[in-house]
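The values are calculated or read from the model by the stated rules, or taken from the named source; none is laboratory data. These numbers were taken from a predicted model, which means no experiment stands behind them. Here Cβ is always computed from backbone atoms with ideal geometry, including for glycine, and neighbour counts include all displayed protein chains. Protein only, heavy atoms only, side chains kept; ligands, DNA and RNA dropped before computing areas. Shrake-Rupley method; radii C 1.70, N 1.55, O 1.52, S 1.80 Å.
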Amino acid sequence: MSTNPAVAEIVAKYKPIWAIDSASALLGWDMETYMPPGSSEPRGFTTGQLQLMKQELMMKLVDPVAKAEKTTGLNDFEKGFLRIMKHDLNYFTKIPPKLIEDLAKVGTEGTVVWREARKKSDFNMFKPYLEKMVELKRQEAEKLGYVGHPYNALMDRFEEGFTISDADKVFTPLAPSLKSILSKVLAAGKFPATHPLESVKYDEAAMIRVNQAILKLLDMPEKTFRMDVSTHPFTTGMAIDDVRITTRYEGEDFKASVYSTVHESGHAIYQLQADPALEYTPLANGASLGMHESQSRFWENIVGRSREFIKLLFPTLKGNLSFVAKYNEEDMYRYFNSVKPSLIRVEADELTYNFHIILRYELEKKMIGGDIEVSELPSVWNDMMERYVGIRPENDAQGVLQDVHWSGGLIGYFATYSLGNVIGGMFYNRIEQDMNLKDTIAKGELGKIKGWLKEHLHKYGAVYSPKEMQTRLFGEQYNPKWLVSYLEEKYLA
Ligand code: MG
């Protein structure tokens, strides 16, 4: 795809780096699925060595990239390739090895302590590690450089070019709109907070058959894709032609397993449908974490939790899970779409989920900006939960200690979950201009939806930045009003 000799040369030199990333991804997948529990030390050593090899190879590309950037008449592939290279090299060139080492060390130690602290619901145990981590992340932001606020440098690592001014434009109007929908839904009682199916135990073998049927329904390719099991479901791609997802089986409340499968399949479809010409380049990837999450959320919530999809799935549920016989499709719709203000982010429904993110975004911004001390986090967290969701955590395990992210240094990441919901809403509105989505799902023509997404988004991989991609798709960026109108249509109509 490259005609410019300077770029073509870097593309060729990138191949061993791509191979290191691909191998690292496979090692990471194995670690969460099949690795024996006592093997984490040699695995950590191996991945660390591979990262050093990658860094060494990347540094050799600093000058060639700077030179290639000066050439004119580059095509979109070449511009995208150089943009990603520059973004990645920026980190390797600006962050001193000592800081990388400290971040890794505090991250690893902090994660071990966080696990114990969460178990004991003891924030003070974790506090010194989080304080160190926040200090290191501030240093990281200073080294990377930023305009305006140091938190911008951290968010840019996960969502290229995304700033607090963008985030405030999303969250400031989103919070009151969601609050208004939520209070109406709770008052109407049409989407009940609990459902008897939540406590029904299922047989794992039967649930595996249901999930396999879901993969068939989504027409996931048998030759280049597979599904396994892990505690926290995820998607990873070794290549465009080798994408893996995991799902979970907890033995009860089967919707968690169903929607893990659909959510991760949404991520996988994005990877699998990239233009094959992007293989072995950093462009064989999603445009950003927010864009990736828009695909998983679109399939999970907008398609997967629709009446029409549930109708498609119902015979499979009835055929495999004997307890479903007592219920009809409408019961299933209510069960899959129950609305319940809850304390735990990963258990939150479509209407309350974004409050959990807004809270974390506000706290991270203040922590990095020095506007709040780590010691104040638990009480500020609880106050905000009460204000946004209407309930107060009774302990820190249900509050500030619930997520793994901060312990490992993932600060600036949370916002991308909500951006996924927001962009998902933008997709819903945009696709509706080309087809009636509900009719298409009702007819079981899910391939038509996949085809649309491939043509408009997936085939481009990371050629365009998330902002450019959205401008091409929607003529605007991160507009929360489409998520709000989708939720109003679904929950209030
Ligand atoms: Mg996801």
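Is the shape of the stretch 86-214 best called rounded, prolate or oblate, per the rule: a/c under 1.5 gives rounded, else a/b larger than b/c gives prolate, else oblate, with a ≥ b ≥ c the square roots of the Cα gyration tensor eigenvalues? Judged from the Cα gyration tensor, the stretch 86-214 comes out prolate (a/c at least 1.5, a/b above b/c).
On full extension, the segment bounded by A325 and Q212 gains 38.7 nm, given 0.36 nm per residue less the C-alpha separation. Checking every one of the trypsin sites (Lys or Arg not before Pro) in the stretch 366-468 against DSSP loop status and a limit of 15 other Cβ atoms within 10 Å picks out K443. Beyond 24 Å in Cα-Cα separation lie the following of the pairs K79/K467; K255/K326; K120/K143: K120/K143. Two tests apply to each whole DSSP H helix in the chain, Cα reach of 24 Å or more along its axis and mean Kyte-Doolittle hydropathy of at least -0.5, and the ones passing both are 5-33, 164-188, 255-272, 353-369, 415-432. For the chain, the 222 nm mean residue ellipticity estimated from helices alone, with every DSSP H stretch of n ≥ 4 adding -39500 (n - 2.57) and the total spread over all residues, rounds to -20000 deg cm²/dmol.
Largest first, the extents of the alpha carbon coordinates of the chain on the three principal axes equal 66, 51, 47 Å. Reported to the nearest whole Å, the Cα centre-to-centre distance from the stretch 120-199 to the stretch 369-443 is 5.
Distance between the 7 Å Cα→Cβ label points at N429 and H232: 3.2 nm. Taking chymotrypsin sites (Phe, Trp or Tyr not before Pro) across the stretch 269-370, none is in a DSSP loop with at most 14 further Cβ atoms lying within 10 angstrom of its Cβ. Think of each Lys and Arg Cβ as +1 and each Asp and Glu Cβ as -1; about the Cα centre, that makes the dipole of the chain roughly 460 debye.
Work out how much length E489 to E279 would gain on full extension: take 0.36 nm times their residue separation and subtract the Cα-Cα distance, in nm to one decimal.
Roughly 71.6 nm would be gained on extension.
Ordering I164, I310 by accessible surface, largest first, gives I164, I310; the 1.4 Å probe counts only protein heavy atoms, with every chain in place.
Loop-located GluC sites (Glu not before Pro) in the stretch 445-493 (DSSP state not H, G, I, E or B) with no more than 13 neighbouring Cβ atoms inside 10 Å: E445, E476.
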